[in-house]
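A short write-up of the structure that comes next.
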Amino acid sequence: MARIPLLQLSEISLTFGGDPVFDNLDLVVQPGDRVALVGRNGSGKSTLMKVMAGLVEADKGAITVPPGVSVGYMEQDPTMEGFATLGDFASSGLDAGELYKVERAGEGLKFDPARSVETASGGERRRAALAKLMAEAPELMLLDEPTNHLDIEAIAWLEGELKATRAGFVLISHDRAFLRELTRATLWIDRGMVRRQDKGFADFEAWRDKTWEDEDMQRHKLDRKIKAEARWAVEGISARRKRNQGRVRALQGLRAERAAQIKRQGSAAMEFQAGPKSGRKVIEVKELAKAFDDKPIVRKLDLLVQRGDRIAFVGPNGVGKTTLIKMLMGQEAPDRGTVTLGTNLIPAVFDQTRSQLDPDMTLWDSLTGDPEMRVSGKADQVMVRGNPKHVVGYLKEFLFDERQARAPVRSLSGGEKARLLLAKLMAKESNLLVLDEPTNDLDVETLDLLQELLDDYDGTVLLVSHDRDFLDRVATTTIAMEGNGEAIVYAGGWSDYRAQRKADAPEKVEKSKPKKEKVKQEKAPQEGLTFAEQKRLDALPAEIDRLMAEIAKLEEFMSDPELFTKEPLKFQKATEALVERQEAVSKAEEEWMELEEKAEG
């Protein structure tokens with residue numbers, strides 16, 4: 001029996017400023033689809049998602065959502081007018097019996113429901129919008145960069161929720177590890193064309209490269225044919241005969257076909273140029289300690305950063321990663337301990353808040369107005385690594401077009417702002433890069449290029465990122481800040497840190513156990529639990545309690561005798577949620593019993 005689609009787009013066409021974004025686009029999203037929506041920055045990913053959500057009206061075509069199917073869209077910049085707190089916004093539209101969902105999502109995504117909307121940051125607003133969407137649980141979720149402003153713990157929570165959901169979702173994200181883990185199909189926007197492959201993001205890059213390779217081969221064959229036909233038209237006397245005019249017209253058609261082909265967007269011409277070498281010892285830290293309002297940032301850190309190191313700082317939001325980097329750079333004084341900077345350091349800083357960019361300035365003025373880039377007497381040029389360049393030419397190297405040069409910075413997308421800031425940094429020499437969340441909003445191709453540049457950079461890198469894939473590719477050392485002032489140094493990137501932490505954990509757990517329990521483990525080591533199983537066994541009681549509390553709230557909500565007649569759709573959803581949680585409790589209790597039996601040997 002054929003499934004009824006959750007969403008269908010038919011012959012959708014849309015233009016912006018006279019340029020086609022999509023033309024005769026057909027697209028179907030089926031129940032249970034888990035789709036990655038990928039493409040270069042500016043290719044139209046967010047626009048397509050807004051078309052799917054019904055927020056942008058297409059010039060032509062139809063959007064079909066079957067009756068009773070709910071579609072939820074997570075906005076990049078949610079409007080919260082009329083709401084006093086983030087919790088008020090996140091719970092709007094929910095019944096009293098469903099408010100626990102917002103509380104649960106708030107815990108997982110780490111947002112404070114009591115936070116005033118007026119004082120909330122952009123990241124807090126986005127987390128509230130995501131919590132609202134997760135609590136509403138529509139049949140189709142449209143998620144535009146949901147991991148931006150989430151720390152690694154919150155990303156892991158969201159990953160687990162999306163793995164467990166029965167809803168379909170379409171997902172835009174720069175986080176390759178997140179996309180690989182979750183998606184089963186890929187939509188690729190490339191020069192106005194939307195291609196679909198029923199494989200997850202893990203297979204995307206091979207598919208993209210093969211598509212481009214085939215395209216290059218076809219273009220090469222077309223160029224050769226045009227060249228051969230053009231030689232015939234010039235040299236062959238017979239070309240002027242009437243019966244051969246068709247061949248001349250065919251040549252004109254080939255040339256028109258070649259001219260109509262849209263050139264692929266190249267990579268940004270990015271380059272970090274290391275200045276004079278720093279001393280071998282870049283930063284030396286001894287017994288560093290810092291606290292704010294009795295909250296320890298770091299207790300007692302010893303660290304030696306040497307020339308060429310790539311140091312990554314990981315940990316939850318608010319744990320103090322940026323504060324620690326400021327102390328290492330001499331911008332923040334420690335409470336105790338010493339920080340000694342090496343000789344001949346030329347730092348360049350990428351600030352996650354983009355505070356170096358004035359939103360009211362144009363791109364042109366942002367570059368030419370920078371004192372370190374200004375060329376005396378030439379208002380249309382900037383100094384790039386010691387050489388003057390025309391400002392528009394330099395912007396084009398970072399994939400901006402001429403029309404954007406006089407546009408305000410505030411009009412740029414997140415990825416474009418990141419590229420503009422990189423353009424400012426890369427115009428100057430440096431031998432110490434401080435990169436605080438540089439990967440946010442960058443597309444896959446730009447991330448690849450940035451990683452290659454950092455590999456080749458003849459200097460030292462301090463990096464803060466929640467992008468696990470990027471950390472694995474770049475970091476040689478990881479400093480894990482896990483709260484309570486703990487800052488532990490591990491060799492390698494994210495996966496190396498997790499493997500070492502897991503290897504260390506059983507020993508720590510064993511030391512902390514009561515003596516009697518330890519003896520029991522020593523008696524039957526073969527029947528004992530692995531560390532992962534022990535961790536799961538410890539977590540199951542709380543999980544069962546949570547599910548039972550949710551069941552109780554659902555049963556209370558459904559106890560209203562008029563609910564079925566007045567709100568049949570809500571009654572149906574609540575019934576489905578109740579059955580789902582009852583099944584989950586049964587599975588969790590069964591798993592707990594199995595692990596208990598294994599632990600007892």
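The values are calculated or read from the model by the stated rules, or taken from the named source; none is laboratory data. None of the values given here were measured: they were computed from a predicted structure. With ideal geometry, Cβ positions are generated from the backbone for all residues, glycine too; neighbour counts draw on all protein chains shown.
Would it be correct to say that residue 332 is touching a Lys or Arg at 6+ places or on another chain (Cβ under 6 Å), among the acidic types (Asp, Glu) and more than 29 Å from residue 149 (Cα to Cα)?
When the stated conditions are applied, residue 332 does not pass them.
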Listing of helices (runs of 4 or more DSSP H) fully contained in region 19-109 that carry 3 or more residues being aliphatic (A, V, I, L, M), closer than 17 Å to residue 146 by Cα and without any contact (Cβ under 8 Å) to a residue 60 or more places away in the chain | 99-109
Mind listing whichever residues of region 369-408 are within 26 Å of residue 445 (Cβ to Cβ) and among the charged types (D, E, K, R)?
-> 385, 389, 396, 397, 401, 402, 403
Taking region 320-373 and keeping residues outside any helix (DSSP H, G or I) and of a type in the set (Asp, Glu) leaves 332, 335, 351, 358, 360, 370, 372
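Scan region 474-493 residue by residue and report those that are farther than 28 Å from residue 294 by Cβ and either at pLDDT below 90 or not in a helix (DSSP H, G or I) (or both).
First, the residues of region 474-493 that are farther than 28 Å from residue 294 by Cβ: 474-477, 491-493.
Once the filter is applied, which keeps residues that are farther than 28 Å from residue 294 by Cβ and either at pLDDT below 90 or not in a helix (DSSP H, G or I) (or both), region 474-493 yields 475, 476, 477, 491, 492, 493.
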State yes or no: is residue 21 hydrophobic (A, V, I, L, M, F, W, C), modelled with pLDDT under 90 and within 24 Å of residue 417 (Cα to Cα)?
-> yes
Assess whether residue 329 counts as being assigned by TED's automatic domain parsing to the domain that holds residue 299 and either at pLDDT 90 or above or hydrophobic (A, V, I, L, M, F, W, C) (or both).
-> yes
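Go through region 142-183 residue by residue and tally those that are in a strand (DSSP E or B) and touching a helix residue (DSSP H, G or I) at 6+ places or on another chain (Cβ under 6 Å). Break it down stepwise before answering.
Taking region 142-183 as the starting set, the residues that turn out to be in a strand (DSSP E or B) are 142-144, 168-172.
Right, trim to touching a helix residue (DSSP H, G or I) at 6+ places or on another chain (Cβ under 6 Å) and you get 142, 144, 172.
Counting residues in region 142-183 that are in a strand (DSSP E or B) and touching a helix residue (DSSP H, G or I) at 6+ places or on another chain (Cβ under 6 Å) gives 3.
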Does at least one position in region 289-298 carry a residue that is in contact (Cβ under 8 Å) with a residue 24 or more places away in the chain, assigned by TED's automatic domain parsing to the domain that holds residue 481, charged (D, E, K, R) and out of contact with any Gly (no Cβ under 6 Å at 6 or more places or on another chain)?
-> yes
Could you run through region 190-212 and say how many residues are in contact (Cβ under 8 Å) with a residue 60 or more places away in the chain and either surrounded by 14 or more Cβ atoms within 10 Å (Cβ to Cβ) or in contact with an Asp or Glu (Cβ under 6 Å, 6 or more places away or on another chain) (or both)?
-> 8
Within region 148-169, which residues are under 15 Å from residue 464 (Cβ atoms) and either touching a Cys at 6+ places or on another chain (Cβ under 9 Å) or among the β-branched types (Val, Ile, Thr) (or both)?
-> 152, 155
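Taking the stated definitions as given, is residue 357 more than 17 Å from residue 429 (Cα to Cα), buried (at least 18 other Cβ atoms within 10 Å of the Cβ), modelled with pLDDT of 85 or more and among the hydrophobic types (A, V, I, L, M, F, W, C)?
So residue 357 passes the test.
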When you go through (1) assigned by TED's automatic domain parsing to the domain that holds residue 370; (2) surrounded by fewer than 22 Cβ atoms within 10 Å (Cβ to Cβ); (3) of a type outside the set (D, E, K, R) one by one for residue 418, which number turns out not to apply?
-> (2)
Going through region 439-473 in order, the residues found to be over 13 Å from the mean Cα position of the chain (by Cα) and in a loop (DSSP other than H, G, I, E, B) are 457, 458, 459
Residues satisfying the stated conditions in region 43-57, i.e. at negative phi and either aliphatic (A, V, I, L, M) or within 22 Å of the chain's Cα centre (by Cα) (or both) | 43, 45, 46, 47, 48, 49, 50, 51, 52, 53, 55, 56
List the pairs whose first member sits in region 340-351 and is at positive phi, whose second member is part of a loop (DSSP other than H, G, I, E, B) and crowded, with 17+ Cβ neighbours inside 10 Å, and whose Cβ atoms are under 7 Å apart, counting only residues at least 6 apart or on separate chains?
-> 344/278
Would you call residue 399 aliphatic (A, V, I, L, M), touching a residue at least 12 places away in the same chain (Cβ under 8 Å) and under 30 Å from residue 151 (Cα atoms)?
-> yes
The residue that is surrounded by the fewest Cβ atoms within 10 Å (Cβ to Cβ), considering only those in region 376-405 that are assigned to a loop (DSSP other than H, G, I, E, B) and in contact with a Lys or Arg (Cβ under 9 Å, 6 or more places away or on another chain), is 385
Within region 24-31, is there a residue that is surrounded by fewer than 19 Cβ atoms within 10 Å (Cβ to Cβ) and at positive phi?
-> yes
